[in-house]
Amino acid sequence: MAESLNSSSDDGFTYNLAKFIEFRDVDECARVRAITREELSSHSNPDFAIRVIDDAPTFYSAFATDLVDRIVEARDEGRELTAILPCGPVPQYEIATERINRERISLKHVRTFNMDEYANEDGQTAPYSWVGSFQRAMYENFFLKIDEELRPDESNIHFPTTETLPGYSDSIAQLGGADVCFGGIGWGGHIAFWEPQLGHEFGGDLETYKTQGARMVELHPMTIMQNALHSFGSDWSWVPPRAATIGPAEILGAKHRSFWLDGDLGGGHSWQRFIARLVAYGPVSEFVPGSLLQLAPTSYTLRGNVADNVEVSMA
């Protein structure tokens, strides 16, 4: 891969990528960076469906509708629904619970598996009582807001913890894989907490990489900073160093992938514009985990600000 990045002008200024960045093909970075907002939705793969929803209420409402419609469809067809769920973004869950309660939609046929959970340096996952726990966030923002008689059975709500992690992949596989995997994309390109540096373990063997299941991982520096920014009041000292996470096997093994990118910082800024393009239009690479979505039927929805052009702004 190329190691120097030329400026777009003729000033002769070049520089290497920072050493902690795993994907180092600067020509591909430049190519996807130049993809305009108008070009984003015209992907050559018809199974990789990209759309842009400009305003936040419509974006989160569409997310909630996707989730609840799948629950209703499974109920009407007399089958169970197995869904892999992210903890964030969160606003869609409140919208979903309002409809579930209003329409009296039972979730007794629903089995959920959360994507990930924070862990300490010894691999001990965060307890429910910790303020940043994904388990706590899911119960407070979703499960406990559903009327009790409509909630899934407790035995059907799963989280990757220190205790459950060794059998987490098998638990999903025994159900025939997930019907749908919901998620988002991290600043460094991760899915769940499957981080870009894990690609070094596979020596370019993408086929073996795709078969990897749930495990404990070290969080990438970009993940620490991203999560500090949007969940921990910008305090990077508050973000745990490790996490339990599903892997490529669970993501690709789902019947469908529904991904939602809402990385809006306000004031016309978004941290997700470049990585949204690299995931969707860059090469499929173990150093950009999200690029695996190009290999299987996926809906990929961007909030308007994420779709805007990647430009330098010193304002």
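When only the Cβ of Lys, Arg, Asp and Glu is charged (+1, +1, -1, -1), the dipole of segment 1-120 relative to its Cα centre reaches about 540 debye.
Looking at segment 67-206, send over the antiparallel percent of its DSSP beta bridges, to the nearest 5. List each step's numbers first, then the result.
Working: 2 of 11 bridges.
That works out to approximately 20 percent antiparallel.
Which of rounded, prolate or oblate describes segment 50-307 when judged by the alpha-carbon gyration tensor and an a/c cut-off of 1.5? Rounded, since a/c falls under 1.5. A simple charge model with +1 on the Cβ of Lys and Arg, -1 on the Cβ of Asp and Glu and nothing else charged puts the dipole of the chain at about 320 debye relative to its Cα centre.
Helices in the chain, meaning DSSP H runs of at least 4 residues, each add -39500 (n - 2.57). Divided by all residues, the mean residue ellipticity at 222 nm is -8000 deg cm²/dmol. When the charge dipole of segment 127-247 is built from unit charges on Cβ atoms (+1 for Lys and Arg, -1 for Asp and Glu) and taken about the Cα centre, the candidate among I185, G167, N156 whose Cα reaches farthest toward its positive end is I185. Candidates T298, Y128, I146 compared by Cα position along the dipole of segment 50-307: farthest toward the positive end lies T298, with charges placed on Cβ. Take each peptide in 283-294, 13-24, 242-253, 88-99, count the other Cβ atoms within 10 Å of every residue, and average; sorted highest first, the result is 242-253, 283-294, 88-99, 13-24.
Suppose every Lys and Arg Cβ carries +1 and every Asp and Glu Cβ carries -1, with no other charges. What dipole size does segment 178-315 come out with about its Cα centre, to the nearest 20 debye?
200 debye
Here segment 147-183 and segment 24-60 have alpha carbon centers that stand 31 Å from each other.
By other beta-carbon atoms within 10 Å, ranking C181, C87, C29 with the fewest at the front produces C29, C87, C181. Comparing Cα centroids, segment 196-210 and segment 250-273 end up 22 angstrom apart. The overall shape of segment 229-268 is oblate: from the C-alpha gyration tensor, with semi-axes ordered a ≥ b ≥ c, the ratio a/c is 1.5 or greater and a/b is no larger than b/c.
Rule-based calculations on the coordinates, nothing more; no lab input. Because the structure is predicted, anything quoted here is derived from the model rather than measured. Glycine also receives a Cβ, built like all others from the backbone with ideal geometry; neighbour counts cover every protein chain displayed.
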